[in-house]
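Report on one structure; see the data block that follows.
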């Protein structure tokens, strides 16, 4: 199975939407196709082997990551670490879902990496899309050859 960039884009967005709707009870819609900013994001990235892609990265403003963490955990106050952990869990779940539809063989996921600032540099971007989650932007990027 060798999905096209457009198919990977649709599948990645669908996987992330399903993850956030189920875990965080979030309202999600397509966003404008603007590139992610170079700063002011928190992000989580999961590698994949045995797939039609190498990595899935999501990035969002800290305020959105905190809101998602609060929704998932039923918390009133959320630390930066909890916000990043929430993005990592969302990326992990979405990456696993994407891998199941983008490969016909066994696959393996890496441990998540998280950070604050610009999305990590990548040698090859297959697609990058923006969603709007509860009125705030969120980017999903699929990387690989």
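The values are calculated or read from the model by the stated rules, or taken from the named source; none is laboratory data. Everything quoted here is computed from the prediction, not taken from an experiment. Here Cβ is always computed from backbone atoms with ideal geometry, including for glycine, and neighbour counts include all displayed protein chains.
Observations on the model:
- Residue check, residue 47 part of a strand (DSSP E or B) and within 13 Å of the chain's Cα centre (by Cα): yes
- Failed item in (1) over 20 Å from residue 132 (Cα atoms); (2) touching a residue at least 12 places away in the same chain (Cβ under 8 Å); (3) surrounded by fewer than 23 Cβ atoms within 10 Å (Cβ to Cβ), with residue 53 passing the rest: (3)
- Scan the range 78-112 for residues that are in contact with a helix residue (DSSP H, G or I) (Cβ under 8 Å, 6 or more places away or on another chain) and more than 18 Å from residue 10 (Cα to Cα) and the total you get is 12.
- When we screen 65, 52, 40 for residues that are closer than 15 Å to residue 142 by Cα, touching a strand residue (DSSP E or B) at 6+ places or on another chain (Cβ under 9 Å) and not in a strand (DSSP E or B), the only hit is 52.
- Test result for residue 4, free of Cβ contacts under 8 Å to residues at least 24 places away in the same chain and surrounded by fewer than 20 Cβ atoms within 10 Å (Cβ to Cβ): yes
Here's the yes/no breakdown for (1) closer than 25 Å to residue 38 by Cβ; (2) in a helix (DSSP H, G or I):
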residue	(1), (2)
81	yes, yes
85	yes, yes
88	yes, yes
95	yes, yes
104	no, no
115	yes, no
121	yes, no
129	yes, no
132	yes, no
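- Residue 59 meets each of the listed conditions (1) in contact with a strand residue (DSSP E or B) (Cβ under 7 Å, 6 or more places away or on another chain); (2) within 18 Å of residue 101 (Cβ to Cβ) apart from (2).
- Residues that are more than 17 Å from residue 19 (Cα to Cα) and at pLDDT below 90 occur in the range 90-103; there is at least one.
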